[in-house]
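Here is the structure we will look at.
The values are calculated or read from the model by the stated rules, or taken from the named source; none is laboratory data. Keep in mind that this is a model prediction, so the values were computed, not measured. Cβ atoms come from the backbone with ideal geometry, glycine included; neighbour counts cover every protein chain shown. With ligands, DNA and RNA removed, areas are computed over all heavy atoms of the protein, side chains included. Shrake-Rupley method; radii C 1.70, N 1.55, O 1.52, S 1.80 Å.
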Amino acid sequence: QDRTNAFIQTFLRQYEQGRLLPVWELAANETNCMIGYHSVPVIADAYMKGIRNYDADKALEAMVNSANQDEHGLKFYKAQGCINAGDESESVSKTLAYAYDDWTIALMADEMKNQKVAQAFYKRSENWKNLYDPQTGFFRARVNNGWFSPFKPEEVNFNYTEANAWQYSLFVPHNIYGLAGLKPNGLETHLDNMFSVSSETSGREQADITGLIGQYAHGNEPSHHMAYLYNYCGRPDKTQKLVHQIKETLYTTKPDGLSGNEDCGQMSAWYVLSAMGFYSVTPGEPNYIIGTPTFEEAKINLENGKVFTIKANNLSKENIYIQSARLNGKPFDQSFLEHQAIMQGGELVFEMGSQPSNWATAPKHWPQQKASENFLVPTPFFSTSINTFKDSLLVEVRTLCEDCTIRSGYVGEEIITFNNKRVAFNLKTDKEVWAYAKHADGGVSDTIFTQFYKLDDQLKLTLKSKYANEYSAGGDDALIDRQFGTANFRTGSWQGYQGQRFEAELDFGEIKNGVEISIGFLQDIKSWIWFPTRLELQYSADGKHWYYPEMVLQDKDYSKIEGAMTQKLTHRCMHKARYVKIIAGSTGKCPDWHLGAGGKSWLFIDEIEVK
């Protein structure tokens, strides 16, 4: 407790002198290299456990201040209830992290009788609902207010932080029961599938995804609470089995005895707590979720002079299941342990056995959560993430909310549609569509806006190269969709090709004279992305006979220039032509002087314009 108070006092001094609570300090410098504002749950967790030797009013002020910044996607999170893929990279992970942090602010404000702050942040803490796709049962990135597609839950891409959709599929530690109620087949089935599915991942390489059991990744923090979640659906025996497996197979005393990055002690902290027999699934809630003990006896020597002892009778490698428990001599049937019970000192005794039992399986014995005050009408979503079309496009507006009515229409036109199930539009021209959901009790969601574009009916692009699924930018027509990528490739608006040159054929639909072709490229060599080594264009009037290839030259050599930058290469055809072949050369392997030497480089392309 003394150390925790000292940490928080330091946090507040950093807030006084540096405007913000720390995110990820290194060598007395703020790096901001992690997501969320996770000083906040450290403070709230301490406060809820009665650790309060600091200025609590100033602490709450600092917590609210951190949550009300505009950087790192917070501007979008506050305005629209989530971060979209086009707003900020790692949008899913950031939205979920902010929602949990917001709940801890609400919890502490509630305890301090500051209802204005509490209610505002209880509502914000439910923003996770805005990224939940009820059809797949996963959190997915929003693109054009639809879902990022094509979707592969095992794919590692720019929508998640050091993880994939599986590893963030249960990151709502403050409202596990609310999330469980949305799972198509329930929480237990989702957990079973996650721990048994293939451990193969796709997409980009990610060194942090290690210690795999199915798609559970013990080598990285976002997964660390998941084995304990069986307690929340009445199957503590499955938690006991998995926690035992993790301790026995993913920890050794050898130099490589940790299955992932220690990250300031978290891998060891998980083990120390779990070896005693419990783990803190939701910091902020002053309780611990019970797993299975490692030792026949463990003692916690408390700073108040008391001792809390955990005993495990009949414990062995086979006897990992709790048959019954007693706390200070009285029957103990709940699958969670309150912090105050530890602080009072005493003795928790487990009777162990080799087979699962009915201990703590009744709903009244499941972990408790204070999520009842959280209410938010989730924003509706479109049935498609593609916002371009050629002839027409059927767009449906849907909502996660069972008791909501959708209201939607076109910006600038007096068209409003009401429907309890869904709203559908058949678009034939450029339209900007708005929509929001209204709950039966009068609550309303944030309003979404998406611009839909009708493409040139004659223009047809045939790709000869295969783009990476995680950098599709919207699919086969993304390079002629009238939308342009920014200098941040992580927002998903660029189409990426790794380790290969780019080839495509463009059909204008008819013979044209004096056509001007412009093609956009991105370079960020720190991320292995280079401008093309060459750009070759070949024109034809009939698709069979081609004029001599013409080269488009860059104004200088950019190959060693660092920083994110975009470039548009333009060429005017002096022939009558209907077709053009586009060939962009690739750097291939990263050069020897580069930190990624030998790795496959990337080409990022968007947009191809025809004038």
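Numbers for the structure displayed
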quantity	calculated
Positions within region 79-102 being open to solvent by less than 20 Å² (accessible area, probe 1.4 Å), out of contact with any helix residue (DSSP H, G or I) (no Cβ under 6 Å at 6 or more places or on another chain) and outside any helix (DSSP H, G or I), in sequence order	none
Cβ pairs under 7 Å, 6+ apart, first in region 339-351 and part of a helix (DSSP H, G or I), second of a type in the set (A, V, I, L, M)	ALA341/LEU327; ILE342/ILE300; MET343/LEU302
Search result, residues across region 596-610 that are open to solvent by 30 Å² or more (accessible area, probe 1.4 Å), under 36 Å from the mean Cα position of the chain (by Cα) and touching a residue at least 60 places away in the same chain (Cβ under 8 Å)	LYS600, GLU609
Count - residues of region 38-78 that are closer than 20 Å to ARG490 by Cβ and open to solvent by less than 20 Å² (accessible area, probe 1.4 Å)	3
Answer from GLY509, GLY499 - the residue that is within 27 Å of GLU162 (Cα to Cα), surrounded by fewer than 18 Cβ atoms within 10 Å (Cβ to Cβ), in contact (Cβ under 8 Å) with a residue 60 or more places away in the chain and out of contact with any helix residue (DSSP H, G or I) (no Cβ under 7 Å at 6 or more places or on another chain)	GLY499
Failed criterion for GLU432 (all others in (1) under 13 Å from ASN387 (Cβ atoms); (2) open to solvent by less than 20 Å² (accessible area, probe 1.4 Å); (3) not in a loop (DSSP other than H, G, I, E, B); (4) not basic (Lys, Arg) hold)	(2)
Region 266-280, residues that are outside any loop (DSSP other than H, G, I, E, B) and either open to solvent by less than 20 Å² (accessible area, probe 1.4 Å) or of a type in the set (Phe, Trp, Tyr) (or both)	MET267, TRP270, TYR271, SER274, ALA275, PHE278, TYR279
Tally of residues being under 17 Å from LEU273 (Cβ atoms) and either more than 39 Å from the chain's Cα centre (by Cα) or loosely packed, with under 14 Cβ neighbours inside 10 Å (or both) across region 312-331	0
Residues satisfying the stated conditions in region 201-239, i.e. aliphatic (A, V, I, L, M), in contact with a Leu (Cβ under 9 Å, 6 or more places away or on another chain) and in a strand (DSSP E or B)	ILE213
Hits in region 389-399 (condition: buried (at least 19 other Cβ atoms within 10 Å of the Cβ) and either among the aliphatic types (A, V, I, L, M) or touching a helix residue (DSSP H, G or I) at 6+ places or on another chain (Cβ under 8 Å) (or both))	VAL395, VAL397
When residues of region 480-522 are limited to those that are hydrophobic (A, V, I, L, M, F, W, C) and not in a strand (DSSP E or B), the one farthest from the chain's Cα centre (by Cα)	VAL515
Top-ranked residue of region 25-53 - restricted to ones that are part of a helix (DSSP H, G or I) and not β-branched (Val, Ile, Thr), ranked as nearest to SER125 (Cα to Cα)	PRO41
Among (1) open to solvent by 10 Å² or more (accessible area, probe 1.4 Å); (2) of a type outside the set (D, E, K, R); (3) within 20 Å of THR447 (Cβ to Cβ); (4) modelled with pLDDT of 95 or more - the single one MET112 does not satisfy	(3)
Tally, over region 1-24, of residues that are open to solvent by less than 100 Å² (accessible area, probe 1.4 Å), in a loop (DSSP other than H, G, I, E, B) and closer than 17 Å to ASN68 by Cα	4
Region 435-456, subset assigned to a strand (DSSP E or B), closer than 23 Å to ASP391 by Cβ and touching a Lys or Arg at 6+ places or on another chain (Cβ under 6 Å), residue least open to solvent (accessible area, probe 1.4 Å)	PHE452
Filtered residues of region 414-429 (kept if at pLDDT below 85 and either touching an Asp or Glu at 6+ places or on another chain (Cβ under 6 Å) or open to solvent by 70 Å² or more (accessible area, probe 1.4 Å) (or both))	GLU414, ILE416, PHE418, ASN420, LYS421, ARG422, ALA424
Residue that is most open to solvent (accessible area, probe 1.4 Å), among those in region 523-571 that are assigned to a loop (DSSP other than H, G, I, E, B) and touching a residue at least 60 places away in the same chain (Cβ under 8 Å)	TRP528
Long-range neighbours under 6 Å by Cβ, at least six apart or interchain, first residue at pLDDT below 95 within region 58-74, second in a helix (DSSP H, G or I)	GLY73/LYS94
Residue in region 210-217 that is among the polar types (S, T, N, Q) and open to solvent by less than 10 Å² (accessible area, probe 1.4 Å) present	yes
Selected residue (only one of GLY181, GLY219, GLY234, GLY203 is modelled with pLDDT under 95 and within 21 Å of PHE336 (Cβ to Cβ))	GLY181
Residues satisfying the stated conditions in region 13-33, i.e. without any contact (Cβ under 8 Å) to a residue 24 or more places away in the chain and in contact with a strand residue (DSSP E or B) (Cβ under 9 Å, 6 or more places away or on another chain)	GLN14, GLY18, PRO22, VAL23, TRP24, THR31, CYS33
Of the criteria (1) surrounded by 13 or more Cβ atoms within 10 Å (Cβ to Cβ); (2) in contact with a Gly (Cβ under 9 Å, 6 or more places away or on another chain); (3) in contact (Cβ under 8 Å) with a residue 24 or more places away in the chain, which one PRO283 fails	(2)
Residue list for region 103-154, filter: touching a strand residue (DSSP E or B) at 6+ places or on another chain (Cβ under 9 Å), of a type outside the set (S, T, N, Q) and either assigned to a loop (DSSP other than H, G, I, E, B) or on the phi > 0 side of the Ramachandran plot (or both)	PRO134, ARG140, ALA141, PHE148, PHE151, LYS152, PRO153, GLU154
Filter result (modelled with pLDDT of 95 or more, more than 15 Å from PHE195 (Cα to Cα) and not hydroxyl-bearing (Ser, Thr, Tyr)) within region 237-257	LYS247, GLU248
Residues being assigned to a strand (DSSP E or B) and open to solvent by 10 Å² or more (accessible area, probe 1.4 Å) - total across region 582-595	2
